[in-house]
Structure formats: C-alpha cells, structure tokens
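**Student:** Before I ask anything, let me first share the structure, which is written out below as structure tokens.
The values are calculated or read from the model by the stated rules, or taken from the named source; none is laboratory data. A quick note: this is a predicted structure, and the numbers were derived from the prediction, not measured. Heads up, the Cβs are rebuilt from the backbone with ideal geometry, glycines too, and the neighbour counts pull from every protein chain shown.
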Amino acid sequence: MLDIITQTDRLTLRVPWMEDVEVLAGYWSDPETMRYIGKDGTGWTREQVVERIERAMRFCAEHGMTFWTVVENDTGAVIGQGGLVPIEFNGAEIELGYRLGKPHWGKGYATEIARASAAYGFEHKGLDRLVAVSYPENIASRRVLVNTGFEERGLSDVYYGVTCMLYELTKERWEGATTRRAAAQ
C-alpha cells in the first residue's frame, strides 16, 4: 500500500516512510534550501531528519495529517514535503506548510502542494480555518499562499520565535476560490 493521501495531476502526497530519509536529508542539509525554515535558517542533520520523519509518521497515524512526503508522479522522485500540522506541532491552529528540494523550485509545485493540502483539510478533515506563516522576505512563499487563497494578516511574532507574516484561509474563502478557479477553466 502506498499510503496515498491525495494526488494532483503532477504530484502525490503520501504518508512519510523511513526510506524517504536519505533524499530528504540531502535537501534539508542545504542551508540555502533551509534559510526560511526554522529560527536559525541552518541545514538539518540526518539525525534531525530521522526525528522529523518519525514524528510525521506517528502524527499521521494518530491524526490523519502531517507534513506528507511529496512525490513527482512522472518520475517517482521524492521532491519534498507538504501538508497540515498543528502550528509548531503543539498549537490549536492548523498550519499549512511545504518545503521543496532546491532542484524542484520554480515549477509551481509549492502552489500545487498548498492547494491539495488545503482541499484535504477542508474536504476530508472538516477544518474551518488554516493558517500559514512565512518570513517577510520570502516573496516566493508569500506569493504561493496568496495564489492558494490565503489572506495576509500582517506581521506576527507569536510563532516559531521569529517575526513572520501570518496568513489565514477559511473554508468559506477556499470554497469561493475553488468555484472561481473551476469557472475560469
């Protein structure tokens, strides 16, 4: 069983496996890739990636959501992670997030991951609201969030010990954006 959570035309979001560690550790060890993730923007060690994959697997088994492994459908390559978790893994708010290995930047995958994750949260998990955070200078990520339907709520220093831009997406706004996208096609 592949443990598929959801799919798009180009991507599959699935439950993380320990076999994902090597490729993800290669991505997440790169400081440039990680500059907007976490408080210090440094790369993660292999051991940190193992811990995060183990946590993601446990959390998904318990709650049906996590930062899933993202696989490119055409090649079967693991390209990153994305999905839904309680913010900082301990808050009441559900955060939508994504991170891609540098070779997969600029292909529209982040928006695809964000939309698939939001759809899953609203349609399968019964959520009414999602939040997302981004470093203010991370223009690409901020654009992804707006293109997904999130509204910017301003600067916040509540999450992750850094000042970040806070975004919100309600189920009502999501449904309106989905209807408009479908009508445009």
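**Student:** With the requirement that a residue be under 23 Å from VAL133 (Cα atoms), in contact (Cβ under 8 Å) with a residue 12 or more places away in the chain and not charged (D, E, K, R), what does segment 35-49 give you?
**Tutor:** Those that are under 23 Å from VAL133 (Cα atoms), in contact (Cβ under 8 Å) with a residue 12 or more places away in the chain and not charged (D, E, K, R): TYR36, ILE37, GLY38, GLY43, TRP44, GLN48, VAL49.
**Student:** Another one. Residue under question is GLU54, and the condition is that it be surrounded by 12 or more Cβ atoms within 10 Å (Cβ to Cβ) and in contact with a His (Cβ under 8 Å, 6 or more places away or on another chain); does it hold?
**Tutor:** Numbers: surrounded by 12 or more Cβ atoms within 10 Å (Cβ to Cβ): yes; in contact with a His (Cβ under 8 Å, 6 or more places away or on another chain): no.
No; evaluated as a whole, the condition is false for this residue.
**Student:** Which residue is modelled with the lowest pLDDT, if the candidates are limited to segment 30-41 and must be within 18 Å of the chain's Cα centre (by Cα) and of a type outside the set (D, E, K, R)?
**Tutor:** Taking the candidates together, the pick is GLY41.
**Student:** What strands (runs of 3 or more DSSP E) completely inside segment 67-178 contain at least 2 residues that are within 16 Å of the chain's Cα centre (by Cα)?
**Tutor:** Numbers: elements: 67-72, 78-86, 94-100, 129-134, 151-156, 164-170.
Of the strands (runs of 3 or more DSSP E) lying wholly inside segment 67-178, those with at least 2 residues that are within 16 Å of the chain's Cα centre (by Cα) span 67-72, 78-86, 94-100, 129-134, 164-170.
**Student:** For TRP44, only one of the following conditions fails: (1) surrounded by 14 or more Cβ atoms within 10 Å (Cβ to Cβ); (2) at pLDDT 95 or above; (3) not small (Gly, Ala, Ser). What is its number?
**Tutor:** That leaves (2) as the condition not met.
**Student:** For segment 112-119, indicate whether the set of residues that are β-branched (Val, Ile, Thr), touching a residue at least 12 places away in the same chain (Cβ under 8 Å), in contact with a strand residue (DSSP E or B) (Cβ under 6 Å, 6 or more places away or on another chain) and closer than 24 Å to GLN7 by Cβ is non-empty. Before the answer, list the steps.
**Tutor:** From segment 112-119, those β-branched (Val, Ile, Thr) are 113; that's our starting set.
The next check asks that each one be touching a residue at least 12 places away in the same chain (Cβ under 8 Å); those that pass are 113.
Narrowing further to those that are in contact with a strand residue (DSSP E or B) (Cβ under 6 Å, 6 or more places away or on another chain): 113.
Okay, now just the ones that are also closer than 24 Å to GLN7 by Cβ, so 113.
Yes, some residue in segment 112-119 is β-branched (Val, Ile, Thr), touching a residue at least 12 places away in the same chain (Cβ under 8 Å), in contact with a strand residue (DSSP E or B) (Cβ under 6 Å, 6 or more places away or on another chain) and closer than 24 Å to GLN7 by Cβ.
**Student:** Can you pull out every residue in segment 164-185 that is of a type outside the set (A, V, I, L, M, F, W, C) and exposed (fewer than 14 other Cβ atoms within 10 Å of the Cβ)? If you could, list the steps in order and put the result at the bottom.
**Tutor:** Narrowing segment 164-185 to residues of a type outside the set (A, V, I, L, M, F, W, C): 167-168, 170-173, 175-176, 178-181, 185.
GLU172, GLU175, GLY176, THR179, ARG180, ARG181, GLN185, listed by residue number.
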